[in-house]
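Asks: Here it is, the structure in full.
The values are calculated or read from the model by the stated rules, or taken from the named source; none is laboratory data. Computed from a predicted structure; not experimentally measured. No Cβ is skipped: glycine too gets one built from the backbone with ideal geometry, and neighbour counts run over all protein chains shown.
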Amino acid sequence: MNKMISTYFITAVGVILLVGGLYFLKTVEDPQGMLRVLPAICFGLGCGIFGHGMGEIIVRSAKKRNPSAAKQLEIDLKDERNVAIANRAKAKAYDMTVFLYGAFLIGISLMKVDLTLLLLLVCFYLFIIGYNTYYRYKYFKEM
């Protein structure tokens, strides 16, 4: 499928989800079961998908209007220095996230939140730490 057509399709799907979620949020009087969260999920996904699609459309039109800037942007994206800076920033953000998420878990547990939710959050936290450990070991063996 053509890249531009798929971008417009993604944007249209985002708008449909956004409008559908908003419509059901406003019209359903007494939601039961899955209808309590489904409209909010549709609205959130629609916002994200629409924003991504519109961002792609805007970037493509800007590249089309100014080819020299598009070429410079492509060079900057593939530059080793910029890639190293981006990876270092991601690593710093990850390190901070691990500590903040751990503190968040302690706060949530002290507030006596439902045990199911707490265990779900702890499993999520342990999955992230396990993922980190797996790739650290894998890269250690490669290098």
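Asks: Can you tell which of Ala89, Ala62 is surrounded by 10 or more Cβ atoms within 10 Å (Cβ to Cβ), among the hydrophobic types (A, V, I, L, M, F, W, C) and at pLDDT below 90?
Replies: Details: Ala89 fails: at pLDDT below 90.
Just a single option satisfies the conditions, and that option is Ala62.
Asks: Same structure, new question: Taking into account only those residues within segment 9-27 that are more than 18 Å from Ile57 (Cβ to Cβ) and either among the acidic types (Asp, Glu) or touching a helix residue (DSSP H, G or I) at 6+ places or on another chain (Cβ under 6 Å) (or both), which is surrounded by the most Cβ atoms within 10 Å (Cβ to Cβ)?
Replies: The qualifying residue surrounded by the most Cβ atoms within 10 Å (Cβ to Cβ) is Gly21.
Asks: Moving to a separate point now. It is to be established whether one or more residues within segment 77-90 are in a helix (DSSP H, G or I), assigned by TED's automatic domain parsing to the domain that holds Gly130 and β-branched (Val, Ile, Thr).
Replies: Yes, segment 77-90 has at least one match.
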